[in-house]
Amino acid sequence: MHDKALINVDVAEAPFSSNDRRRRGRGDKRALEFAASIRATFEPVVQVSLYPRSEIDIFVQVLQQDGGVLQAAINAATLALIDAGIALTDYVCACTAACIDTTPLLDLTNTEESDLPNLTLAVLPRSGRVTLVTMETRLHVERFEQIFKLAIQAGGVLHEQMRAAVREHTGKLVQSMEIATVGQGEGKDGAGDTEMYNP
């Protein structure tokens, strides 16, 4: 048990996060289900063997929502883990999909989630492996295949957007570190020399 890290997930929704104003604490059934799904999604992706005798905590605080909470939480957790320097085998990209008659939909609202059969899917883009599929309603086999393929494609699009965001963020961090390093080096000769870096 001590040769790898444990992943803990905590999900809480603020009472003002949705229109129903229902208080959902950490013991809420839906929050616990989301936490279990997120943990199961990331356990095969986080390289836990690199962090023996450690715990990796993922805290999800929902402040505003209109559907797609689980998918948003998974995508946000992926970016947060990358930003924290936690080693992952791949990005985890999640989306929710449904179908009206023959028209597929992505990124559903609360109303659409309540009224339409839908699924939430998390995929690893490089391998194409699916780490999570959840459904709260029944789906016809043909409809399932249709929205499953759509969700996989959407995961690929999300992957590109998330990679671009990570590259941009990393670039800004590197640039700020370089500026700070140069500023410190020149500060030894004279404090006024650093003014050239001010916007």
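The values are calculated or read from the model by the stated rules, or taken from the named source; none is laboratory data. Just so it is clear, the model here is predicted, and its values are computed rather than measured. Here Cβ is always computed from backbone atoms with ideal geometry, including for glycine, and neighbour counts include all displayed protein chains.
Being more than 19 Å from VAL69 (Cα to Cα) and buried (at least 16 other Cβ atoms within 10 Å of the Cβ) is the filter here, so list the residues in segment 125-149 that pass it. Selection gives PRO125, LEU139, ARG143, PHE144, GLN146. Within segment 92-128, the set of residues being closer than 30 Å to LYS4 by Cβ and touching a strand residue (DSSP E or B) at 6+ places or on another chain (Cβ under 7 Å) comprises VAL92, CYS93, ALA94, CYS95, THR120, LEU121, ALA122, VAL123, LEU124, PRO125. Only one of the numbered conditions (1) surrounded by fewer than 19 Cβ atoms within 10 Å (Cβ to Cβ); (2) in contact (Cβ under 8 Å) with a residue 60 or more places away in the chain is violated by LEU70, and that is (1).
Selection of segment 54-72 for residues being farther than 22 Å from ASP115 by Cα and not in a strand (DSSP E or B) yields SER54, LEU63. Just one residue in the set GLU136, GLU33, GLU113 is in contact (Cβ under 8 Å) with a residue 24 or more places away in the chain and farther than 25 Å from GLU168 by Cα; that residue is GLU113.
Scanning segment 121-178 for residues that are modelled with pLDDT under 90 and among the acidic types (Asp, Glu) yields a total of 4.
None of ASN19, ASN8 is farther than 29 Å from GLU160 by Cβ and modelled with pLDDT of 95 or more except ASN8.
Among the residues of segment 64-111, those identified as under 25 Å from GLU43 (Cα atoms) and small (Gly, Ala, Ser) are GLY67, GLY68, ALA72, ALA73, ALA76, ALA77, ALA80, ALA84, GLY85, ALA87, ALA94, ALA97. Residues in segment 104-136 that are farther than 12 Å from ALA151 by Cα, out of contact with any Pro (no Cβ under 9 Å at 6 or more places or on another chain) and charged (D, E, K, R): GLU112, GLU113, ASP115, ARG126. In segment 77-101, the residue that is modelled with the lowest pLDDT out of those that are under 19 Å from LEU119 (Cα atoms) and either within 13 Å of the chain's Cα centre (by Cα) or surrounded by 19 or more Cβ atoms within 10 Å (Cβ to Cβ) (or both) is CYS99.
Pairing residues of segment 159-178 that are within 19 Å of ALA73 (Cβ to Cβ) with residues that are in a helix (DSSP H, G or I), at Cβ distances under 6 Å and at least 6 apart in sequence or on separate chains, gives VAL166/ILE82.
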